[in-house]
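The block underneath contains the structure these notes are about, expressed in structure tokens.
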Amino acid sequence: MRSASTVAAVLGLGLLLAGCSTGSPARSATSHPLGGSASASANTAPPGPSSGMPSAGPTHATTPSQPTAASSLTSPSTPAGYRVAVVHRGADHPDDLVLDPSGGLLYSDYTDGTISRLEADGTATVLHRGLPGPEGMVFLSDGSLVVAEEDANRLVIFHPGQSTPSVLASLPGTSVKATCHQGVDGIAWDPTTHSLVVPDPVTGTVYRISPDGATRTVLARGFVHPVGAAVDAHGTVYVADECGGGAWRLGAGGSRVRVADAVMPDDLAFDATGNLLVTDVRHTRHDVRRWPVGGGASTVLARGGLIEPQGLLVTASGTVYVADDQARVILRLTPHP
């Protein structure tokens with residue numbers, strides 16, 4: 001989501017971690033400034049196999065390689081807290097996140113129109129340029145990368161070895177650069193139906209789209225500005241309604257139930273035990289929270305030092321990555337008992 005106004009400065013702000021307690025907000029056992037470290041190596045270790053980011057190889061012609069549902073995660077219990085590290089800080093604006101087939105971390109940058117790969121030393125290599133507002137990404141196991149372009153309100157696909165994308169699907173409505181009127185943002189993969197779940201913020205509709213873009217069906221209508229989606233192990237779809245508020249679980253016939261009371265949610269992801277993680281970009285409550293999908297109070301995982309947290313990614317080991325495009329950082333939250 002592109003807000004109409006953003007906070008300009010982030011220096012000196014700390015990172016608040018969730019401890020064992022729940023509630024909104026949760027208290028932190030420890031706090032680390034964005035420029036500091038929880039330990040000598042915490043802020044310098046890059047994402048990769050040694051830091052909880054697995055290598056993910058192809059398994060099916062239309063199945064993406066990154067974990068997208070709770071069943072793909074292996075941690076046996078909800079973490080009591082997280083060790084936090086800044087794994088990237090730069091002049092760019094990290095937005096949505098995805099793992100490539102080799103386990104590398106890619107991030108989109110709406111502002112610069114780029115998609116980059118995070119390198120071992122914390123720097124970035126630009127892979128694609130000139131995109132009209134790249135946001136959500138999904139890798140298919142044949143190596144194709146599907147990208148949501150917010151300004152064009154469409155999905156494009158980079159086939160393996162191609163530097164120029166093809167249009168996969170155009171969504172109804174015209175995106176404009178005003179708060180709550182922008183185009184497609186977050187997208188998700190449904191491993192139970194081998195299809196893309198695509199919220200269309202312009203029309204307030206959530207679609208299911210085939211990997212080749214040939215088929216589009218309506219899952220639900222009537223949202224204000226849906227921008228994020230996640231699918232659980234059973235194929236149940238969850239949607240973040242950024243300007244309507246809250247995260248919602250979709251049911252039969254387009255019905256929905258509110259499962260998280262976020263103010264302005266942007267992205268969704270599941271942790272190892274099926275809890276729902278939500279980034280909230282509202283400037284009075286810009287944080288990352290964990291919500292029990294069965295009901296109950298939320299737990300703050302990260303808050304201070306975040307300005308507009310957007311992208312969320314949970315690896316097979318339970319490590320959480322958070323991208324903040326205005327603070328210009330990518331954080332790694334490593335769980336501990």
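Which whole-number value in Å² is the accessible area per residue of the stretch 156-281, probe 1.4 Å?
35 Å²
Over the alpha carbons of the stretch 94-206, what is the largest minus smallest coordinate on each principal axis, giving the biggest first in Å?
Extents along the principal axes: 40, 33, 21 Å.
Quick check: pseudo-label points 7 Å beyond the Cα along Cα→Cβ at THR125 and SER170, how many nm apart are they?
Simple spin-label model gives 3.5 nm for this pair.
Ordering ARG256, ARG129 from largest to smallest accessible area (1.4 angstrom probe), what's the sequence?
ARG129, ARG256
Given bins 10 angstrom wide, list per bin the percent of all Cα-Cα distances in the stretch 222-302, short to long.
For the stretch 222-302, the binned pair fractions read 20, 57, 21, 1 percent.
Which part of the stretch 214-244 falls in the paramagnetic zone of THR192, meaning amide N under 14 Å from the point 7 Å along Cα-to-beta-carbon?
230-239, by backbone N distance to the label point.
Taking 0.36 nm per residue of sequence separation and subtracting the Cα-Cα distance, how much length would be gained by fully extending the chain between SER77 and THR179, in nm to one decimal?
This chain segment gains 32.9 nm when fully extended.
Pop out the carbon and sulfur fraction of the accessible area of the stretch 288-333 as a percent, whole number, probe 1.4 Å.
50 percent
The values are calculated or read from the model by the stated rules, or taken from the named source; none is laboratory data. Just so we're clear, the structure is a prediction, and the values are computed from it rather than from any experiment. Heads up, the Cβs are rebuilt from the backbone with ideal geometry, glycines too, and the neighbour counts pull from every protein chain shown. Just the protein is used for accessible areas: all its heavy atoms, side chains included, with ligands, DNA and RNA removed. Shrake-Rupley method; radii C 1.70, N 1.55, O 1.52, S 1.80 Å.
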